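Throughout, read-outs are computed from the coordinates displayed, never taken from laboratory work. It should be emphasised that the depicted structure is a prediction, and the values quoted were computed from it without experimental measurement. Virtual Cβ from ideal backbone geometry, glycine too; neighbours counted across all protein chains shown.
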Amino acid sequence: MEEIPVKVAIRVRPLLSKEVLHNHQVCVRLVPNTQQIIIGKDRVFTFDFVFGKNSTQEEVYTVCIKPLLVSLTEGYNATVFAYGQTGSGKTYTIGGGHIASVSEDEKGIIPRAIQELFQHISENHNIDFRVKVSYIEVYKEELRDLLELETSVKDLHIREDEKGNTVCVFCL
Ligand SMILES: Nc1ncnc2c1ncn2[C@@H]1O[C@H](COP(=O)(O)OP(=O)(O)O)[C@@H](O)[C@H]1O
Ligand SMILES: [Mg+2]
């Protein structure tokens, strides 16, 4: 069977204390020893990876991201993105919060991947690496450059270049 290059992981976050306070109920259950979850009474969904409310940042990184980082250093492309409604845990998982104030255990995907990438670079003196970073938030139709906050959101656009690649361009 042909391998599908897109893998989907689902992570269920625990109820927040304010949710517990308001007596909110958990509506997602994990089916033990499978990659399935049940929503409500009987709606079953299957994913490539399932992480429950007690899953750690380290576990998510090791299972889903580390293998991609290894391929990346071998020259393959890799993309990871978090998708979900507001409050579902994207920022927490991706580790894009206040990284400096977060404990080692709580670090998410970005700081772990960056750390490992530069570790790899420092161990391979015979290879030339070039690392470029951009950090852009997409919210509805607007793009925000998180490394250049003075840039107006109106000046950033997603375009297709002449080769058909999707690129982010700055134009006044
Ligand atoms: N796996 C988790 N364990 C504990 N708290 C979490 C987890 N995922 C999210 N949270 C908390 O839930 C709240 C919403 O998460 P957040 O990452 O900001 O959501 P999003 O970025 O999808 O809007 C935050 O207070 C965050 O700290
Ligand atoms: Mg967020």
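Just the C-alpha atoms of the chain: what Rg/Rh do they give, with Rh taken as the Kirkwood radius? Each step should come with its number before you reach the end.
Working: Rg = 18.9 Å, Rh = 19.0 Å.
Computed over Cα atoms, the ratio is 0.99.
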Quick one: which residues, 5+ away or cross-chain, put their amide H under 5 Å from the amide H of Ile136? H built at 1.01 Å from N.
-> Leu146
Of all DSSP beta bridges located in region 1-90, what percent are antiparallel, nearest 5?
-> 75
What is the ratio of the Cα radius of gyration of region 56-132 to 2.2 N^0.38 Å, where N is its residue count, to two decimals?
-> 1.18
Quick one: Karplus J couplings for region 143-149, per residue in order, coefficients 6.51, -1.76, 1.60, θ = phi - 60°, nearest Hz, x for Gly and Pro?
-> 10, 10, 7, 6, 9, 9, 5
Set Lys and Arg Cβ to +1 and Asp and Glu Cβ to -1, take the dipole of region 56-132 about its Cα centre, and tell me which of Thr86, Asn126, Gln57 lies farthest positive.
-> Thr86
Is it possible to state the helix-based mean residue ellipticity at 222 nm for the chain, with each DSSP H run of 4+ residues giving -39500 (n - 2.57), the sum divided by total residues, to the nearest 500 deg cm²/dmol? What is it?
-> -5500 deg cm²/dmol
Where Lys and Arg each count +1 and Asp and Glu each count -1, what net charge lies around Ser55 among other residues with Cβ under 10 Å from its Cβ?
-> +1
Arranged from highest to lowest average of other beta-carbon atoms within 10 Å per residue, in what order do the peptides 57-66, 100-109, 133-142 appear?
-> 57-66, 100-109, 133-142
Amide H within-cut-off set for Ile10, under 5 Å, with H built and near neighbours excluded = Phe49, Val50, Phe51
Against the longest alpha carbon principal axis of the chain, how many degrees, from 0 to 90 and to the nearest 10, is the axis of helix 109-123 turned?
-> 50
